[in-house]
Structure formats: C-alpha cells, structure tokens
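The values are calculated or read from the model by the stated rules, or taken from the named source; none is laboratory data. Just so it is clear, the structure is predicted and the values come from calculations on it, not from any experiment. Quick reminder, even Gly has a Cβ in these numbers, built from the backbone with ideal geometry, and neighbours come from all protein chains shown. To get the accessible areas, we keep the full protein, side chains included, count just its heavy atoms, and leave off ligands, DNA and RNA. Shrake-Rupley method; radii C 1.70, N 1.55, O 1.52, S 1.80 Å.
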Amino acid sequence: MNSESLYYSKRILIYCIGLFLLATGVSLSVHSNLGVSPLNTLPYVLSRITSAEMGLCTSLVFVGFIALQALILRREFKVSTLLQILCSFLFGYFVSLASACTACLPACGSYSFQLLYLAASMALVALGILFYLSADLLSLPGEGVMQAVSHKSGLAFSHSKICFDCSMVGSAVILSLLFFRQLEGVREGTAIAAVGVGGFLNLFSRLWKNRLSRFLERGDEENCRETVG
C-alpha cells in the first residue's frame, strides 16, 4: 500500500470509529431513559411514532437536513454536499448496530444507574465527535445545516448551533405532545447532555487530539516529497 492510500485509509478508519462511538453514545442515552441529546431528539420521537428503527429514522432525518441545506444555500449549494447522504446512512446503520449491542445491558434500576449510563453516553458522544472531526472528511448533515445558517445569516457558528438545537428539541416536544400527550426523549438528560458533551470534548481534546493528529499525518516520505515539491 502506498503512502497516499495509507493516509486516506487511516482517515476513513478514524472517521468510521468516530461515527460508531457517536452512535453508541446515542444508544446509551436512550437506554438511560433520561432524554437523548438535542440533535437526536427528533429522530427518537419519530421512531417512537412510527415504530421504525431509530437508525432508519436518523438516516431519513439527516437526508432531510441535506435538503434543508439546499433550501438555505440555494445557488451556493455544492453538489459534493450530496455525499453527506453516504455518511447519513452509515451513521444510521451504526445507530441500529449500537442499539442491538446495548440491548443486552441491564436495565436502569435506580436514578443513579440512569445517570451512570448518561455519563457514559456523553463521554462516547464526545469521543466520537473528536474522532470523526479529526478525520476531516465529510461533516454530518446536522453540522452542515448549522454552517449554512451561519454563512447566510452572519450568525456565529456557536449561536447557529444553539438555534438549531432548540429547534430540534422544540419539534420533538411538539410531536411528543401531539402523539403521546407527554414528553418522549426530552428530559433533564437532554439539557445535561447539551452542556456535558462539550465538557468531555474539551477534556478528550487535551488528552488525545495531538496523538490523533500525529497518527493521521502523512508518512515521512510523503512529507519529504511535499517539502521538495
């Protein structure tokens, strides 16, 4: 395998590991029964309404996010963005796989046990984000919508993310009340995750970001060729 193939193979590997860790974190948040993270509230409620797998609902919602990007960006929408469809269905598959893997875990018998699952969920989501962003390949469609809103409105990305998360939670709340007359997937864990994931991400970035970057660098020979060129 030449250095170029090895370079991209490492990035694809880290990207897929990141998506699977992220999906496992989502599944654990469902298992905690304390509410899922803001980005996943809508897919979760739709899965409860339709009785479809959450992985499938996640994929379809993410494809909807790609369409939303096209509506926001209009002529600035790039055809290459359609590649996000691939990562949408890959992530959806990982959610279904992770759900099957976590189904054998013991049920939460106490609130402290629920908090333990929630903490593990936040840690895995943060680690997954670190891995998949470090790979610097395709962004997930939700992040793409935030970037599109930020670009067209002039809002800072952090403010765009807050608006996006609030709209996701709001949509989930409305659908929950319409179909179940109670909240589904939105609880205190949703608010805790909104803050806690960032804390874990900062911690993991300090611990492992540099190591990940070194692992993902091109080989010495490739670096030498680029320097000479």
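Between 116, 82, 133, which is over 17 Å from the mean Cα position of the chain (by Cα), within 19 Å of residue 200 (Cα to Cα), assigned to a helix (DSSP H, G or I) and not small (Gly, Ala, Ser)? Spell out how you get there, then give the answer.
On the way: 82 fails: within 19 Å of residue 200 (Cα to Cα); 133 fails: over 17 Å from the mean Cα position of the chain (by Cα).
The match here is 116.
Does residue 107 satisfy the condition of being modelled with pLDDT under 90, in contact with a Pro (Cβ under 9 Å, 6 or more places away or on another chain) and either open to solvent by 30 Å² or more (accessible area, probe 1.4 Å) or not in a loop (DSSP other than H, G, I, E, B) (or both)?
no
Return the residue satisfying two criteria in turn: it lies in the stretch 66-109 and is in contact with a Leu (Cβ under 9 Å, 6 or more places away or on another chain) and among the β-branched types (Val, Ile, Thr), and of such residues it is farthest from residue 44 (Cα to Cα).
So the residue we want is 81.
Filter the stretch 194-229 for residues that are basic (Lys, Arg) and under 12 Å from residue 7 (Cα atoms); which is modelled with the lowest pLDDT?
First, the residues of the stretch 194-229 that are basic (Lys, Arg): 206, 209, 211, 214, 218, 225.
Add one more test, that the residue is under 12 Å from residue 7 (Cα atoms), and what stays is 214, 218.
Values: 214: 89, 218: 73.
Among those residues, the one meeting the criterion is 218.
Do we have any residue at all in the stretch 177-186 that's of a type outside the set (A, V, I, L, M, F, W, C), over 16 Å from the mean Cα position of the chain (by Cα) and in a helix (DSSP H, G or I)? Give the steps one after another, and end with the answer.
Going through the stretch 177-186, the residues of a type outside the set (A, V, I, L, M, F, W, C) turn out to be 181-182, 184-185.
Checking the rest, the ones that are also over 16 Å from the mean Cα position of the chain (by Cα) come to 181-182, 184-185.
With the extra rule that they be in a helix (DSSP H, G or I), the set shrinks to none.
No, every residue in the stretch 177-186 fails to be of a type outside the set (A, V, I, L, M, F, W, C), over 16 Å from the mean Cα position of the chain (by Cα) and in a helix (DSSP H, G or I).
From the list 65, 77, which one is more than 12 Å from the chain's Cα centre (by Cα), open to solvent by less than 40 Å² (accessible area, probe 1.4 Å), more than 21 Å from residue 191 (Cα to Cα) and of a type in the set (Phe, Trp, Tyr)? Quick ask: steps written out before the conclusion?
Details: 77 fails: open to solvent by less than 40 Å² (accessible area, probe 1.4 Å).
Only one candidate passes the filter, namely 65.
Would you be able to say whether some residue in the stretch 35-45 is in a helix (DSSP H, G or I) and over 29 Å from residue 151 (Cβ atoms)? Quick ask: steps written out before the conclusion?
Initial filter on the stretch 35-45 (in a helix (DSSP H, G or I)): 38-45.
With the extra rule that they be over 29 Å from residue 151 (Cβ atoms), the set shrinks to none.
Within the stretch 35-45 (the criterion being in a helix (DSSP H, G or I) and over 29 Å from residue 151 (Cβ atoms)), the answer is no, since none of the residues qualifies.
Only one residue in 86, 133, 97 is closer than 20 Å to residue 62 by Cα, modelled with pLDDT under 90, of a type outside the set (Lys, Arg) and open to solvent by 50 Å² or more (accessible area, probe 1.4 Å). Which one?
Values: 86 fails: modelled with pLDDT under 90; 97 fails: modelled with pLDDT under 90.
The conditions single out 133.
Is there a residue being open to solvent by less than 40 Å² (accessible area, probe 1.4 Å), in contact (Cβ under 8 Å) with a residue 12 or more places away in the chain, touching an Asp or Glu at 6+ places or on another chain (Cβ under 6 Å) and among the aliphatic types (A, V, I, L, M) anywhere in the stretch 39-59?
As a first pass, look at the stretch 39-59 and keep what is open to solvent by less than 40 Å² (accessible area, probe 1.4 Å): 40-45, 47, 52, 54-55, 57-59.
Those left that are additionally in contact (Cβ under 8 Å) with a residue 12 or more places away in the chain: 40-45, 54-55, 57-59.
This time we only want the ones that are touching an Asp or Glu at 6+ places or on another chain (Cβ under 6 Å), so: 45.
With among the aliphatic types (A, V, I, L, M) added as a condition, the list becomes 45.
Yes, some residue in the stretch 39-59 is open to solvent by less than 40 Å² (accessible area, probe 1.4 Å), in contact (Cβ under 8 Å) with a residue 12 or more places away in the chain, touching an Asp or Glu at 6+ places or on another chain (Cβ under 6 Å) and among the aliphatic types (A, V, I, L, M).
Can you tell me which of 172, 191, 126 is in contact with an Asp or Glu (Cβ under 8 Å, 6 or more places away or on another chain) and part of a helix (DSSP H, G or I)?
Numbers: 191 fails: in contact with an Asp or Glu (Cβ under 8 Å, 6 or more places away or on another chain); 126 fails: in contact with an Asp or Glu (Cβ under 8 Å, 6 or more places away or on another chain).
None of the others qualify; the one that does is 172.
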